[in-house]
Amino acid sequence: MTHKALRRLVEGALIAAMYAALTLAVPAASFGLAQLRVAEMLTILPVFTPAAIPGLAVGCALSNVVGLALGANLAGAWDVLCGSLATLAAAALTYALRGVKWRGLPVLATLPPVVINAVVVGLELTLVLFGEFTLPLYLFNGLQVGVGQLVACTVCGLVLYAALDKSGAAKGLFGQAKP
């Protein structure tokens, strides 16, 4: 294994560990209808490194499994699979949008986790908690998830991006120049 490949593997593992730790630190806020997963601010990290794509997905899967074991994950086993795949897809799209900037910020790159989780987790919660699909209920649940995601991914994510970018920490942490 090359030095670069090993570095990316370690980056991904550390991102997974940070995601899981932040999610499980406050499980009541991380799972359920009205949720604000603080760990979702890390979904900005694919802008800096492709290692964040699998790192976020693995961290989400670990969080969802532990949340399920603790009884906190209301969406259950579906969230372990579908939520983790949604995070993987969102992270890949965030990486793809990393170069699109508005006033120097990758605002558009913060939106895939907001939209995908609103759609996927909103559907999971509708079906698991209410046992049936009705459009108004689904829209309500998706909106609740989406608002929490918007705060975590866009607001907090852009604050994290600015801090890493302006301080030069991104270069030190991820071994590259500004995205």
Item checked: The one condition in (1) open to solvent by 10 Å² or more (accessible area, probe 1.4 Å); (2) under 15 Å from residue 19 (Cα atoms); (3) not acidic (Asp, Glu) that residue 55 fails to fulfil -> (1)
Notebook entry, point to check: For residue 49, are the conditions met, namely being within 25 Å of residue 174 (Cα to Cα), open to solvent by less than 30 Å² (accessible area, probe 1.4 Å) and in a loop (DSSP other than H, G, I, E, B)?
Noted result: yes
Notebook entry, point to check: Is there any pair linking a residue in the range 41-64 that is over 15 Å from residue 160 (Cβ atoms) and among the hydroxyl-bearing types (Ser, Thr, Tyr) to one that is in a helix (DSSP H, G or I) and open to solvent by 10 Å² or more (accessible area, probe 1.4 Å), with Cβ under 7 Å and at least six apart or on different chains, and which?
Noted result: 63/20; 63/24
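For the range 1-46, which positions are small (Gly, Ala, Ser) and part of a helix (DSSP H, G or I)? Quick ask: steps written out before the conclusion?
As a first pass, look at the range 1-46 and keep what is small (Gly, Ala, Ser): 5, 12-13, 16-17, 20-21, 25, 28-30, 32, 34, 39.
Result: 5, 12, 13, 16, 17, 20, 21, 25, 28, 29, 30, 39.
Give me the residue from the range 59-96 that is open to solvent by 50 Å² or more (accessible area, probe 1.4 Å) and within 16 Å of the chain's Cα centre (by Cα) and, out of that set, nearest to residue 17 (Cα to Cα).
62
The values are calculated or read from the model by the stated rules, or taken from the named source; none is laboratory data. Given the structure is predicted, the values throughout are model-derived calculations rather than measurements. Note that we place each Cβ from the backbone using ideal geometry, even for glycine, and neighbour counts take in every protein chain shown. Quick note on the areas: whole protein, heavy atoms, side chains included, nothing else; ligands and nucleic acids left out. Shrake-Rupley method; radii C 1.70, N 1.55, O 1.52, S 1.80 Å.
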